[in-house]
């Protein structure tokens, strides 16, 4: 069961004038509520999901600008989800940031090799989350301008 979706899933063209859409996938609803509050304060649109399969469907239908993906999920791990995202032409272009309590150097390397564009370790400072999101959304904007 997912958190209330705060935006409609419009096509990328329809969303051109709307704030960037960030899909957050985490099995902890309290964490989703906190991230939702932070993202809305930063003027980002938010879609939150606790279910792995539902998150994959949202990624396909909503085409978020960025995904924050917890690694330790109950039914399908974040590592499995990123494999699904990367193998689907509808979602392979979406940048995905790993959000996890796994903090060893080997864990980080494994996640980056799996296709995550970045990594943020729980617990994190909110300004760290903001910095990582802004950095990657600016890259998405630059990519879209060049396309």
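Overview of values
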read-out: Inter-label distance, nm, simple model (7 Å from Cα along the C-beta direction), residue 86/residue 121; value: 2.2 nm
read-out: Burial ordering of 118, 65, fewest other beta-carbon atoms within 10 Å first; value: 118, 65
read-out: Residues 104, 36, 110, 135, sorted so that the one with the fewest Cβ neighbours within 10 Å comes first; value: 104, 135, 110, 36
read-out: Spin-label pair residue 29/residue 101, simplified geometry with 7 Å Cα→Cβ offset, distance in nm; value: 2.0 nm
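Read the figures in this text as sums done on the coordinates, not as results from a lab. Since this is a predicted model, take the numbers as computed values, not measurements. Positions of Cβ are generated from backbone atoms using ideal geometry, with glycine treated the same way; all protein chains shown enter the neighbour counts.
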